[in-house]
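Here is the structure we will look at, set down as structure tokens.
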Amino acid sequence: MNKKTFAALALLCCVATSVLADLTALVAIEPTSRKDGLALSRSALESGLRKLLGQNVSVTMTDDLTDAMRTTRSGGYDVFIAPAQVVASAIAHGYELIGSTDAEEPYVLVGKSSMNAVSELRRGRIYLPQQDSIYTYMARGVLTAHGLSFKDLSKVDYARYPQAGLTAISLRMSEATMVRLDDWESWQRENPGIAKVLATSGTVPGGFSVAVKKELAPEVRNQLTRWFATSARSCGMKLVVQHADLLHYKTVAELGTFTPTSLPGVTVVGAEDVKRLLAQGAIVVDTRTEKEYKQKHIPGAVFIPYHEKSLKDVVYDVAVDDFSGLKTLDGKNPTVFHCNGAECWKSYKASRAAVAAGFSKVYWYRGGMPDWENTSQKIAKE
């Protein structure tokens, strides 16, 4: 057999294997939305997709969201039919969004009626569904925005049903919980004066969201998109006709990793403030890596890296980090710290270090380089 013939046969084998290979799908069921999960028939979904695509289809159903999240990172399935936080992770790891079954909705952090601020939850108790539930994701994001971590609480009760968290508050078994706005409004009408809203989240795509692997052939992706929008009811699923902004999925994926929106003893500033402070003689400190600094930086900024090994959390171990360069700065000068935007913790930690070191005027440019570029400011390079 010559080389050309062997290559041709090898190609045919690859094509045949691709055609005959199973298409795999994971249906991840939010424990708090079991009604939708129970209505969906695995066998009907397999049959419908098999008839559509003309190939074997294997569907797995689970309510283990921790495992579902793990498989999004490993590319374990061709299709994910799951809550927003699972599909958000899939989108960040090589999947394309088709849409969702339900409209977007906000969530609310509810606390007992005597509370007036999220900060009062420190050392308190919170009732949440399992750790990878959308409710837990939203709670983590809200707490972080207000400078708190789950580690600041005395107890986090992980159960299965978020509405029971409202009952836990009324029975004084918990100080707070996270629920959908609609559920809160309905409960509050029947139970006035027991609890109050401490914070409201952004909107989150509701129901099931669907994402498909980008590696699938364009024709297959298009067929799946049409089927979920027109024929999903055949397996007991709502039609996938809602199309939320991808930014909302990105926000869900990053909840809990974003820095707080404020920092005691520090003034949070924007791009125009940074320009003004520079003109007035303030020091702007770039805490990113040397490579990032050389590629682009704010004109006039000095490079003092924050070497970060600690958790991206308001409760972090400063002892494992290295910001020895702080000693080269004069704490009497107004000083601005920045890094790679709101999800970058280096400048947050650097600002806290400066306050702890006794710096008199500390400013935190939370938006950092992404905001500087987005506002069309001048860029320096080395």
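The values are calculated or read from the model by the stated rules, or taken from the named source; none is laboratory data. These numbers were taken from a predicted model, which means no experiment stands behind them. Cβ: placed from backbone, ideal geometry, glycine included. Neighbour counts: every protein chain shown.
A few remarks follow.
- Residue check, ARG140 among the charged types (D, E, K, R), surrounded by 15 or more Cβ atoms within 10 Å (Cβ to Cβ), within 22 Å of the chain's Cα centre (by Cα) and closer than 27 Å to ALA253 by Cβ: yes
- Output for segment 223-247, where each listed residue is assigned to a helix (DSSP H, G or I), within 22 Å of THR60 (Cα to Cα) and not β-branched (Val, Ile, Thr): GLN223, LEU224, ARG226, TRP227, PHE228, ALA229, ALA232, ARG233, SER234, CYS235
- Pair list, Cβ under 8 Å, 6 or more apart: segment 362-382 residue under 15 Å from THR259 (Cα atoms) and among the basic types (Lys, Arg), other residue exposed (fewer than 14 other Cβ atoms within 10 Å of the Cβ) and modelled with pLDDT under 95: ARG366/THR261
- Every condition in (1) of a type in the set (S, T, N, Q); (2) surrounded by 22 or more Cβ atoms within 10 Å (Cβ to Cβ); (3) assigned to a loop (DSSP other than H, G, I, E, B) holds for GLN85 except the one numbered (3).
- Cβ pairs under 7 Å, 6+ apart, first in segment 52-76 and outside any loop (DSSP other than H, G, I, E, B), second among the aromatic types (Phe, Trp, Tyr) and surrounded by 14 or more Cβ atoms within 10 Å (Cβ to Cβ): LEU52/TRP227; THR71/TYR77; THR72/PHE80
- Some residue of segment 318-328 being closer than 14 Å to ARG352 by Cα, among the aromatic types (Phe, Trp, Tyr) and under 29 Å from the mean Cα position of the chain (by Cα): yes
Residue-by-condition table, conditions (1) within 23 Å of the chain's Cα centre (by Cα); (2) over 28 Å from LEU166 (Cα atoms):
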position: GLN55; (1), (2): no, yes
position: LEU65; (1), (2): yes, no
position: TYR77; (1), (2): yes, yes
position: HIS93; (1), (2): yes, yes
position: PRO106; (1), (2): yes, no
position: VAL110; (1), (2): yes, no
position: ALA117; (1), (2): no, no
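- GLN130 fulfils the conditions (1) within 30 Å of SER74 (Cβ to Cβ); (2) outside any loop (DSSP other than H, G, I, E, B); (3) modelled with pLDDT under 90 except for a single criterion, (2).
- The residue that is modelled with the lowest pLDDT, among those in segment 256-266 that are among the β-branched types (Val, Ile, Thr) and either surrounded by 15 or more Cβ atoms within 10 Å (Cβ to Cβ) or over 28 Å from the mean Cα position of the chain (by Cα) (or both), is THR257.
- Options ILE134, ILE169: the member that is under 19 Å from the mean Cα position of the chain (by Cα) and of a type in the set (A, V, I, L, M, F, W, C): ILE134
- All positions within segment 236-255 that are surrounded by fewer than 20 Cβ atoms within 10 Å (Cβ to Cβ) and out of contact with any strand residue (DSSP E or B) (no Cβ under 8 Å at 6 or more places or on another chain): GLY236, ASP245, LEU247, LYS250, GLU254
- Flag for SER100 being modelled with pLDDT of 90 or more, among the small types (Gly, Ala, Ser) and either buried (at least 19 other Cβ atoms within 10 Å of the Cβ) or assigned to a strand (DSSP E or B) (or both): yes
- Matching residues in segment 41-51 - criterion: being assigned to a helix (DSSP H, G or I) and closer than 26 Å to TYR135 by Cα: ARG42
- Filtered by the rule that a residue be under 23 Å from PRO260 (Cα atoms) and either surrounded by fewer than 19 Cβ atoms within 10 Å (Cβ to Cβ) or not hydrophobic (A, V, I, L, M, F, W, C) (or both), segment 116-129 gives ASN116, ALA117, VAL118, SER119, GLU120, ARG122, ARG123, GLY124, ARG125, TYR127.
- Across segment 90-97, a minimum of one residue is classified as over 20 Å from MET61 (Cβ atoms), in the same structural domain as LEU224 (by TED's automatic domain parsing) and part of a helix (DSSP H, G or I).
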